[in-house]
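Q: This is the structure, below, for whatever I ask next.
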Amino acid sequence: MTKSHTARGFLVKCALLGLAVVLTGVAISQYDTRIGDDNYLAAVLEKDHLIRTTPSPKIILVGGSNLAFGIDSRMMQDSLGLRVVNMGLYAKLGLRYMLAQVKPYINRGDIVLIVPEYDQFYGNFSEGDQTLNTALLYAPADRIRDFVKSYSVIDVVLRPRVESVRRSFFQATASAFGVKDKYFPPDTNPVYNRHSFNQFGDVVSHLGKKSMNPDSIYVKELPPAKEFNNRTLNELNEIGDAARERGAHAYFLFPSYIDRSYSINTSQIAWLNDRLSRRMNVPILGSPADFVYPSNWFFDTRFHLNALGRGPRTVKTIDILRAARTADRW
Amino acid sequence: MLFNSFTFLIFFPVVVAVYFAIPHRARWAWLLAASCYFYMAFIPIYILILFFLIAIDYTAGILIESAEGRRRKWFLVMSIVANVGMLAVFKYFNFLNANARVIAEVFHWPYGLPALNIILPIGLSFHTFQAMSYTIEVYRGRQKSERHLGIYALYVMFFPQLVAGPIERPQNLIHQFYERHDFDYDRVTAGVRRMAWGLFMKVVIADRLADYVNPVYNNPYANEGLTLVVATLFFAFQIYCDFAGYSQMAIGAAEVMGFKLMRNFNRPYLSRSISEFWSRWHISLSSWFRDYVYIPLGGNRAAPLRWYYNLFITFLLSGLWHGANWTFVIWGALNGFYLISSIVTRGMRDRVTAAVGLMRYPSAHAVLRVLATFTLTCFAWIFFRAGSLHEALHIISHMLVRPATHQLLPDALRAEGITKLEVAYSVALVVALMAYEFVGTRVNIAAAFARQPAWVRWPSYYVLCMCIWLLGMSTEARAFIYFQF
């Protein structure tokens, strides 16, 4: 057996191989695609700042883009006399991330309004997709510990960086071949960018713009009941417990939803409502049908309200919260 | 724990390092502990099911060996009832219950048995079949009963093949746990190479194809024509790369530690007939059904009708093994039908081949046979992948009746972020894979590579690692398709 064909030799070679791979990754990551980024997801930084600096008591809106596009926080603040922080950004970040993001900042007197999109209860949707890695990369360094509590070091530290190297590689390659603008066009989307939000965290960039043809808005069936993710329920119950322990109130509302999608998912949504009513410790305010609106009130997806829908949805939410305030005496 | 997860990237080197560092007498205990940890990473409580079956089958093995006459058979039946019973409760109860309810409704009978709200224990079909092969082999006198409970438990729970096979035989595996496996550089590097290739198949090819297949098959009514055709073709390669990739990783992981597991795939899509396909696809399961179902039924040593019956029943059960759904039953039945048809029409096909002169062009004939076999296999995959029979029939009807509606990327797929470039890339990967497999029929690529000097091999490993990292679909470990069985 030659010297290099021993276990020690094998380990040394593996270590060198690993080092070469890691160093290549580090080199690629120097082409940092986040520098000067106006990406929509980069708004996690502003949202994070908002929830840290807004004093309690406050209303914290937790959910995906249905909240970002479909709530007028100023109207809510003026009507209810409580500061509003709209944390809604993007459903595919996963409910787990959204809850982990707000959990440390729930204080006495706060109202936590959880309004996830329907899809977030199925399969791995509540865990977040690859966009979660991007959001975690943007997260301020001192928030990493909060997220590690909900996920793991691998999920929060390692995975996003490994993913980021992959993205950097493709962008650098495209750049080397002079086709970067073709395959990675600059983030000039007038609606979906970091600067689309007002001081409360609401997207306002879509308000003056023409909505998509209502018939072209994509609708789809919800997954079957067997794909319901019980972990989502556990996480909701944990946030309910945390709110109670800290003297806050947590409520659950159904999201704004286009009528065409509701009509093909009525039975699934009824099942979901029943499931949540029986197993979730966060009180449900209103019903799914309360937030079903005609197609022409939607901007571009089955969850995103336009200027026509945003007002009535906010009014409905305020009315429901007023009733809850009377019932729960806050 | 998934082989393609970061956790396994830490778990496996630790297990291997300790395995080689500790004395031989303690290794079985270490591997058993590691296997328990590996399994408990899914749903910890379900390990009790494994322990229960291990206790039953271990006892049954000893009793079968020591008993005589009809009692031996009773102990075998006890073992089989325990294993099949566990499958019946966890895997088939809701299926049978739902069908019984439908029948009761048709005849207006009262029926109130509720569905069970339980999750199928991961790999249940694999380890129960492996356990049954043990008691059957003991009963047949081909394997001595294992007296060491720890070794027997390890035979059932050995982590590389615990949750998705290969479904091993006691004659092949148990004695290996007694043998001392020292660090062997060539064997370890060969095992790691195999694992890396398996990981490449999974994360670079299978997961990429899944991004096209899943949105289409999860919402088949929104798609038609070319979209359905491409999704079905992609699924054929997705499931191959997913499962063969898993098997490669399992075999490689065992090989690193000195264990030799049976081959599970042998270039199945280059098969020239359905029977050849089934001798190359999921070999450990096919041979299980051959040895424990088909041959005991009488195999091909029977009158033609009985032979066809034996084949059909074997494939029907094989379909049912994959899942408690009529789609899997139809998939199995379809494959049985293919096989019977190929036997019945063999003479006629030979005459047609001779009449059109194809015999004179053996290569062209072989290519046509491979394409025909692949087409039939893809057709059967529709039932395997579809969520229901209705969906499968919709896919078939809209795939064939309206092929003129060419839309490779309908809005739903664009909404998922799939581009033409990615589809082209997927096609290129599939073509490259098939080219690699074709070359593999002529050259032993692994052996040829192992003979290369270090300055060729190690840079190649570096390239493979970077490919897995940079071209892999996601750092999010996606479950292997066969885990659900």
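Please treat every number below as a calculation from the coordinates, not as lab data. Worth saying up front: this structure is predicted, and the values here are computed from it rather than measured. Don't worry about glycine lacking a Cβ; one is built from the backbone with ideal geometry, like all the others, and counts go over all protein chains shown.
Q: What are the ³J(HN,Hα) couplings of region B:266-283, residue after residue, when phi is run through the Karplus curve with 6.51, -1.76, 1.60 and θ = phi - 60°? Round to Hz, x for glycine and proline.
A: So the J values, rounded to whole Hz, are 9, 6, x, 7, 9, 5, 9, 7, 5, 5, 5, 4, 6, 8, 10, 9, 6, 4.
Q: Separate question: Can you tell which of B:W321, B:N300, B:A355 lies farthest toward the positive end of the dipole of region B:282-385, using +1 and -1 charges on the Cβ of basic and acidic side chains (Lys, Arg; Asp, Glu)?
A: B:A355
Q: Cα gyration tensor of region B:1-103, axes a ≥ b ≥ c as square roots of the eigenvalues: rounded (a/c below 1.5), prolate (a/b > b/c) or oblate?
A: oblate
Q: Which of B:F93, B:I343, B:Y436 sits farthest toward the positive end of the charge dipole of chain B, with +1 on the Cβ of Lys and Arg and -1 on the Cβ of Asp and Glu?
A: B:I343
Q: Please report the equivalent ellipsoid semi-axes of region B:6-180, computed as sqrt(5 x eigenvalue) of the Cα gyration tensor, largest first, in whole Å.
A: Rounded to whole Å, the semi-axes are 34, 24, 11.
Q: Continuing with the same structure: Place a +1 charge on the Cβ of each Lys and Arg in region A:1-160 and a -1 charge on the Cβ of each Asp and Glu, then give the dipole magnitude about the Cα centre in debye, rounded to the nearest 20.
A: It works out to roughly 760 debye.
Q: Determine, at each q value in 0.14, 0.19, 0.22 (inverse angstroms), the log₁₀ of I(q)/I(0) that the Debye formula gives when each Cα of region B:108-250 is one equal point scatterer.
A: Debye intensities relative to I(0), on a log10 scale: -0.89, -1.12, -1.25.
Q: Compute, for region A:26-328, the length of the dipole vector about the Cα centre, with Cβ point charges of +1 (Lys, Arg) and -1 (Asp, Glu) only. Units Debye, rounded to 20.
A: 240 debye
Q: Going by C-beta contacts inside 10 Å, put B:W278, B:W381 in order with the fewest on the left.
A: Placing the least packed residue first, the sequence is B:W381, B:W278.
Q: Once you average over the residues of A:130-142, how many Cβ atoms of partner chains fall within 10 Å of each Cβ?
A: 1
Q: Filter chain A for me: DSSP H helices, axial length by Cα at least 18 angstrom, mean Kyte-Doolittle hydropathy not below 0.0. List them by residue number.
A: Helices meeting the criterion: A:7-29.
Q: How large is the dipole of the protein assembly as shown about the Cα centre if only Lys and Arg carry +1 and Asp and Glu carry -1, each at its Cβ, rounded to the nearest 20 debye?
A: So the dipole magnitude of the protein assembly as shown works out to roughly 1860 debye.
Q: For region B:169-247 and region A:75-108, compute the distance between their C-alpha centroids and round to whole Å.
A: Result: 41 Å between the Cα centres.
Q: Follow-up question, since we're still on this one. Most exposed first by the Cβ proxy, i.e. fewest other Cβ within 10 Å, how do A:T173, B:T441 rank?
A: Arranged by neighbour count, lowest to highest, A:T173, B:T441 become B:T441, A:T173.
Q: Then there's this: Let me have the 222 nm mean residue ellipticity of chain B computed from DSSP H runs of 4+ only, each contributing -39500 (n - 2.57), with the sum over all residues rounded to the nearest 500.
A: -22000 deg cm²/dmol
Q: Also, I was wondering about something else. Could you check how many percent of all C-alpha pairs in the protein assembly as shown are farther apart than 45 Å?
A: The share of Cα pairs beyond 45 Å in the protein assembly as shown comes to 33 percent.
Q: To continue, here is another question. What order do you get for B:12-19, B:334-341 when each peptide is scored by the mean count of other beta carbon atoms within 10 Å, highest first?
A: B:334-341, B:12-19
Q: Could you tell me whether region A:147-211 comes out rounded, prolate or oblate from its Cα gyration tensor? Rule is a ≥ b ≥ c as square roots of the eigenvalues, rounded for a/c under 1.5, then prolate if a/b exceeds b/c, otherwise oblate.
A: In terms of gyration-tensor shape, oblate.
Q: Ignoring everything except DSSP H segments at least 4 long, calculate the 222 nm mean residue ellipticity for chain A; use -39,500 (n - 2.57) per segment, divide by total residues, nearest 500.
A: It comes out at -14500 deg cm²/dmol, rounded to the nearest 500.
Q: Straight distance only, please: which aspartates and glutamates reach the Cα of B:K73 with their own Cα at less than 14 Å, same-chain residues fewer than 8 apart left out?
A: Once the sequence-local aspartates and glutamates are set aside, what remains near B:K73 is B:D57, B:E65, B:E137.
Q: Have a look at the DSSP beta bridges in the protein assembly as shown and tell me what percent are antiparallel, nearest 5.
A: In the protein assembly as shown, DSSP labels about 15 percent of beta bridges as antiparallel.
Q: Okay, next question. Give the Rg/Rh ratio for chain A, taking Rg as the radius of gyration of the Cα atoms and Rh as the Kirkwood radius, to two decimals.
A: That ratio is 1.03, to two decimals.
Q: With a 10 Å radius around each residue's Cβ, average the other Cβ atoms per peptide and rank A:91-104, A:130-143, highest first.
A: Put in order of decreasing packing, that is A:91-104, A:130-143.
Q: Counting only other chains, what is the mean number of Cβ atoms within 10 angstrom of the Cβ of each residue in peptide B:183-189?
A: Across the residues of B:183-189, the mean count of other-chain Cβ atoms within 10 Å is 4.
Q: Continuing with the same structure: Which order do the peptides B:48-57, B:281-290 take when ranked by the mean count of other beta-carbon atoms within 10 Å per residue, highest first?
A: Most protected by this proxy first, the peptides run B:281-290, B:48-57.
Q: By a straight-distance test (C-alpha under 17 Å), which aspartates and glutamates pair with A:K210 as possible cross-link partners, with residues fewer than eight away in the same chain excluded?
A: A:D300
Q: Could you work out the longest stretch of chain B that avoids the GluC sites (Glu not before Pro) located in DSSP loops with at most 12 other Cβ atoms within 10 Å?
A: That gives B:180-485 as the longest site-free run.
Q: Continuing with the same structure: Please state the shape class of region B:291-441: rounded when a/c is under 1.5, otherwise prolate if a/b exceeds b/c and oblate if not, all from the C-alpha gyration tensor.
A: oblate
Q: Compare the Cα positions of A:L89, B:S133, B:Y178 along the charge dipole of the protein assembly as shown (+1 at Cβ of Lys, Arg; -1 at Cβ of Asp, Glu; about the Cα centre) and return the one farthest towards the positive end.
A: Final value for the positive-end residue is B:Y178.
Q: Do any GluC sites (Glu not before Pro) in region A:221-330 lie in a DSSP loop with no more than 13 other beta carbon atoms within 10 Å, and if so, which?
A: Filter output for region A:221-330: A:E221.
Q: Among the chymotrypsin sites (Phe, Trp or Tyr not before Pro) in region B:64-151, which ones are in a DSSP loop with at most 12 other Cβ atoms within 10 Å of the Cβ? Mind listing them?
A: Qualifying residues, ordered by number: B:F107.
Q: Which entries in the list A:K92/B:K420; A:K58/A:K149; A:K47/A:K103; A:K226/B:K91; A:K47/A:K92 go over 18 Å, if you measure between the two C-alpha atoms of each?
A: A:K92/B:K420; A:K58/A:K149
Q: Any idea how far apart A:L308 and B:A302 come out in nm if each label point goes 7 Å out from Cα toward Cβ?
A: 6.8 nm
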